């Protein structure tokens, strides 16, 4: 198990390194940050001065090596826009994003998994059909549209919740609800189909023939097996929350990583964009690492391999 | 004295589709007896087992007849407790839960059936594993099914069945997924355990060789009905129903002097929603008369304990 985790950690570092390299090169090939940062009427002298100031006049290879050298000393550069350290800029946005995505993810599990179990156990009944109808709706409406619809319903029409900003906890309700609806829809559908598949396995028929009560069959025999693919799906869900945050934060003007990322890209603030992508990647990599470890913990076939334990 | 198991007019249906999977069968089994149930795939053998074990899959239900289990061997004062039934399955590896250890599997059964827990349960689980021929039982309790071979997993399933102290063990194609040498070992083990515990054994197979080896009596099923019941010797030597005879002719032999290839049965098993009128076997039968299409034949006595549902039984 220890070797397994170590191997996954090493692989994660390689992924981070590859991402830094790829993003660095692609960003420098896609447009001139000096032109983006300064206005259209900037003089050629001003543009040249900007490029010299940020080292953009050197070759890409030179810039890259310099960036790496600094990065290894923990220096990821400063924002083109206001000259602050990039991780100061990011540091004040991360808690904002987490305060939306973490509750959204927990609620997604709390709603999606039990709803999926209910639909699978009461298959082909009204309960199943209601859950699946809700899931189809939640699953098919895009985040940004759902966000706007919720703003219209609760902020404009009913006037019970604020539509944008982040000053009170009420401000978080609509962004969280937007993320949860889509997330819970996916998770409940997946839980249902996985559990139905598991309930059709011969070991479940064997457990029933042994007279084990249905409740115990679901909880002790079926769910531990369904949990194995479900953990993978929850990993995707957690990653999707971060991706969804880019849309949802923009719609609700929530000052987190997602809306910050959109702003940095629009203004050509390369150092901030790079560091944010690195932050997103680090989140993704740690989610994947968690999924891999949980997967091994839940699945004896992965944990132990095929040899006889004795 | 009544039978240990008496099945009368059992009907099993998939109500949603109106299909009769089992159409009014009678079976009986005495204490310590081994009954073989034989027939082609889809004839209702497994459903008969599930119905007796009270574990029909969802969407399938018993809609008629009775299943009585009664063990009044020692006098039957008052109302005797319902004797326990255990079941083992065709594919042992997929019939064991992949996330539970062998130890957990056996110990939870021992708790459920005998109230044993903790060290008592573990010692008894070890004893059962050793009894079914798995050595180094102590370390094997920590193993998972995927670490065992199919034969070992079938032994584990048998140990699990023994934890229920069954008076009736139902074995649904217990050796079909195993290779021949393992098959012989498992059959030997089942026979040994039956003799040792005095339980009755209902063994289902499409392989008459397996039935011939273990069973005292056999019942031949076709399209959800029992077409012939007989003591095993009488069935093999003097099958009366043309289907039973055809099944026996299908068995390959390893006798070097017998160069005749096995004779296949012409045609295929009809679909349950499109059964032929009268005797369901008549389109594939070489003895058919006019009466065969009119009504389903009632069982007729052939000899002691031997009956066949046929208007034109094969006479020796």
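All told, residue A:108 falls short of being surrounded by 15 or more Cβ atoms within 10 Å (Cβ to Cβ), within 16 Å of the chain's Cα centre (by Cα) and closer than 15 Å to residue A:255 by Cβ. For segment B:85-102, taking the residues that are facing another protein chain (nearest Cβ under 7 Å) and in contact with a strand residue (DSSP E or B) (Cβ under 9 Å, 6 or more places away or on another chain), the one that is surrounded by the most Cβ atoms within 10 Å (Cβ to Cβ) is identified as B:87. Of all residues in segment A:17-39, at least one satisfies being touching a helix residue (DSSP H, G or I) at 6+ places or on another chain (Cβ under 9 Å) and exposed (fewer than 10 other Cβ atoms within 10 Å of the Cβ).
Candidates in segment B:108-167 are the residues that are over 21 Å from residue B:194 (Cα atoms), more than 9 Å from every other protein chain (Cβ to nearest Cβ) and in contact (Cβ under 8 Å) with a residue 40 or more places away in the chain; of these, the one that is nearest to the chain's Cα centre (by Cα) is B:150. At least 3 residues being buried (at least 23 other Cβ atoms within 10 Å of the Cβ) and in contact (Cβ under 8 Å) with a residue 60 or more places away in the chain is the threshold, and among the helices (runs of 4 or more DSSP H) wholly inside segment A:140-252 those reaching it are A:170-199, A:223-251. Against the criterion of being modelled with pLDDT of 90 or more, at the interface with chain B (Cβ under 9 Å from one of its Cβ atoms) and more than 17 Å from the chain's Cα centre (by Cα), residue A:307 does not qualify. Picking from residues in segment A:199-220 that are under 30 Å from residue A:140 (Cα atoms) and within 10 Å of another protein chain (Cβ to nearest Cβ), the one that is farthest from the chain's Cα centre (by Cα) is A:200. Scanning segment A:26-53 for residues that are free of Cβ contacts under 8 Å to residues at least 60 places away in the same chain and under 24 Å from the mean Cα position of the chain (by Cα) yields one hit, A:26. You will find that of B:68, B:34, the residue that is away from chain A (no Cβ under 14 Å), surrounded by fewer than 18 Cβ atoms within 10 Å (Cβ to Cβ) and in contact (Cβ under 8 Å) with a residue 60 or more places away in the chain is B:68 and no other.
Residues to consider are A:271, A:288; find the one that is crowded, with 17+ Cβ neighbours inside 10 Å, away from every other protein chain (no Cβ under 14 Å) and either touching a strand residue (DSSP E or B) at 6+ places or on another chain (Cβ under 8 Å) or not in a helix (DSSP H, G or I) (or both). Among A:271, A:288, only A:271 is crowded, with 17+ Cβ neighbours inside 10 Å, away from every other protein chain (no Cβ under 14 Å) and either touching a strand residue (DSSP E or B) at 6+ places or on another chain (Cβ under 8 Å) or not in a helix (DSSP H, G or I) (or both).
In segment B:290-312, the qualifying residues are those that are surrounded by fewer than 15 Cβ atoms within 10 Å (Cβ to Cβ) and touching a helix residue (DSSP H, G or I) at 6+ places or on another chain (Cβ under 9 Å), and the one that is farthest from residue B:219 (Cα to Cα) is B:293.
Only a single item in (1) within 13 Å of chain A (Cβ to nearest Cβ); (2) within 29 Å of residue B:69 (Cβ to Cβ); (3) in a loop (DSSP other than H, G, I, E, B) is not met by residue B:175, and it is number (1).
The values are calculated or read from the model by the stated rules, or taken from the named source; none is laboratory data. For clarity, every value in this text was computed on a predicted model and none was experimentally measured. Methodologically, a virtual Cβ is constructed for each residue, glycine included, from the backbone with ideal geometry; neighbour enumeration extends over all protein chains shown.
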